[in-house]
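Asker: One structure, pasted below without further comment.
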Amino acid sequence: MEEKSSIFESVKNSVVGTIRGTGDVAKAVVDTVSGTLAHTIKGTGAVGTSLIEAVSDVGRAAIRGVSDIGGDVGSAAKNAVVGTLRGTKETSVEAADTIKAATSSVIKETSAVAGDLGNAAKGAMQGAITGAKEIGLNATEATAAAANGILKSTSEVLSGTGKTGASLIEASSGVIRSAIQAVVDVGGDVGSGAKGVVVGVLQGTKASGKEALQAISETTSNVVKETSDVTGDIAKAAKGAVQGAIAGAKEISLDTTEAASAAATGALKAAEQISSKAAQQVRKAVTGTIAGVKVVLKEPFKSNKS
């Protein structure tokens, strides 16, 4: 416990000191995070769980340090994730696990310092995609992992405030939008982002049964709406959300056919509210068999929009 505390304080103080000395927030965060993790791995041989814990502690410390001097948590989140990927690139730990831990930690610490979760989410997603490309990781997998970490931690934070079901998903909408906006801005895969969002929400809420199906439907609906708002590919987002529902359902022993149906129906419901063209695109994207599961749409949805 003392060692974890000393790493947190060391990183926080280093970030603060470097920023005050140079004024360069991005470089201060990237260099401190990557350097600390590389040193920790070399000095202690940290692997597996111990390395993931170190990633989490260092990410949180970077956010706290930037917050303490009134800096932008979005920029801090982005550069903390980039620094994490640089500092751990020589390890045997799965990159997806590292990204999930890094993005989750910056969201939780942003909440702890009463920062803007949407801003942090956007930065964390940008950091995951750009960092992955920089060190030769699969950017599509990085996108899914980041969305998972971001929305899992967001759901946990909001669940702690007593929000459940539709109210929790609605409260998450700003974070979902920010994450998808980042994917679009950085040229990432919207489908992978949508998939990660749905899996993350299911993991974070720990919902089951009918509550899980409602969460899937509401989340997928939100994903389609927010993707449309940031001019992303709603068909890809809808299909990715269905894939996420299926993957998430397997983790919580939920019927995959019901989960896929809930996701597809939620996606089509949102698309109908956007336009008839959007509805046609989404219907085509989610009709048939996805990830080995036959998708059954539940009708009807009507809209006057065209």
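Every number in this text was worked out from the coordinates using simple rules, so none of it is lab data. From a predicted model like this one, the values you see are computed outputs, not experimental measurements. Heads up, the Cβs are rebuilt from the backbone with ideal geometry, glycines too, and the neighbour counts pull from every protein chain shown.
Asker: In deg cm²/dmol and to the nearest 500, what is the mean residue ellipticity at 222 nm of the chain if only DSSP H runs of at least 4 residues count, each as -39500 (n - 2.57), divided by the residue total?
Answerer: -27000 deg cm²/dmol
Asker: Want the number for Asp229 to Asp185: 0.36 nm per residue separation, take away the alpha-carbon distance, what's left?
Answerer: 14.5 nm
Asker: Can you give me the Rg/Rh ratio for segment 206-246, using Cα atoms for both radii and the Kirkwood formula for Rh?
Answerer: 1.03
Asker: While we're looking at this one, here's another question. Number of Lys pairs in segment 127-243 with C-alpha atoms less than 23 angstrom apart, excluding same-chain neighbours closer than eight positions?
Answerer: Lysine pairs meeting both conditions in segment 127-243 amount to 23.
Asker: Quick one: plug the Kirkwood hydrodynamic radius of the chain (C-alpha pairs) into Stokes-Einstein at 37 °C, 0.692 mPa s, and report D in µm²/s.
Answerer: On the way: Rh = 19.2 Å.
Value of D from the Cα-based Kirkwood radius: 171 µm²/s.
Asker: Further question on the same structure: With charges set only on the Cβ (+1 for Lys and Arg, -1 for Asp and Glu), what does the dipole of the chain come to about its Cα centre, in debye to the nearest 20?
Answerer: Computed about the Cα centre, the dipole is about 820 debye.
Asker: Any chance you could check the Cα centroid distance between segment 139-166 and segment 172-191 for me, in angstrom?
Answerer: After rounding, the separation between the Cα centres reads 13 Å.
Asker: A follow-up question, please. Quick check on segment 136-274: take the gyration tensor over C-alpha atoms, sort the square-rooted eigenvalues as a ≥ b ≥ c, and tell me if it's rounded (a/c under 1.5), prolate or oblate.
Answerer: rounded
Asker: Something else about it: For the chain, which DSSP H helices look membrane-span-like by this rule: Cα extent along the axis of 20 Å or more and mean Kyte-Doolittle of at least -0.5?
Answerer: Numbers: long enough: 2-22 (29 Å, -0.35); 25-44 (28 Å, 0.58); 48-68 (30 Å, 0.33); 73-88 (22 Å, 0.41); 95-112 (26 Å, 0.16); 117-134 (25 Å, -0.08); 139-159 (29 Å, 0.37); 165-186 (31 Å, 1.01); 190-205 (22 Å, 0.98); 209-229 (30 Å, -0.64); 234-251 (25 Å, 0.33); 256-274 (27 Å, 0.26).
The qualifying helices are 2-22, 25-44, 48-68, 73-88, 95-112, 117-134, 139-159, 165-186, 190-205, 234-251, 256-274.
Asker: Over segment 156-306, what relative contact order in percent results from Cα pairs under 8 Å that are six or more residues apart?
Answerer: Working: 244 pairs, mean separation 34.5, N = 151.
Reported as a whole number, the value is 23 percent.
Asker: List the lysines whose Cα lies under 23 Å from the Cα of Lys42, skipping any in the same chain that are fewer than 8 positions away.
Answerer: Correct list for Lys42: Lys4, Lys12, Lys27, Lys89, Lys100.
Asker: Cα atoms only: what Rg and Dmax, in Å, come out for segment 92-217?
Answerer: So, for segment 92-217, Rg and Dmax equal 13.5, 42 Å respectively.
Asker: I would also like to ask the following. Return the tail of the calculated pair distribution for segment 120-181, meaning the percent of Cα-Cα pairs more than 17 Å apart.
Answerer: On the way: 762 of 1891 pairs.
Of all Cα-Cα distances in segment 120-181, 40 percent exceed 17 Å.
Asker: Follow-up question, since we're still on this one. If you take the charge dipole of segment 117-200 about its Cα centre, with +1 on Lys and Arg Cβ and -1 on Asp and Glu Cβ, which of Ser155, Gly196, Ser178 is farthest toward its positive end?
Answerer: Checking the options against the dipole of segment 117-200, the answer is Ser155.
Asker: Then there is this: In whole Å, what are the extents of segment 52-117 along the principal axes defined by its C-alpha atoms, from largest to smallest?
Answerer: Over segment 52-117, Cα extents along the principal axes are 35, 16, 15 Å.
Asker: Please work out whether segment 156-195 counts as rounded, prolate or oblate from its C-alpha gyration tensor, where a ≥ b ≥ c are the square roots of the eigenvalues and a/c under 1.5 means rounded, while otherwise a/b larger than b/c means prolate and anything else oblate?
Answerer: It is prolate, given that a/c is not under 1.5 and a/b is the larger ratio.
Asker: Still on this structure, I have one more. Starting from a Cα-only point model with no solvent, please compute log10 I(q)/I(0) by Debye for segment 246-297 at q = 0.17 1/Å.
Answerer: Scattering profile of segment 246-297, log10 relative to I(0): -0.50.
Asker: Between Ser208 and Asp24, what is the spin-label point distance in nm, taking each point 7 Å from the Cα along the Cα→C-beta axis?
Answerer: Each label point is offset 7 Å from its Cα along the Cβ direction, giving 5.2 nm.
Asker: How big, on average over all directions, is the shadow cast by the Cα convex hull of segment 17-163, in nm²?
Answerer: 8.0
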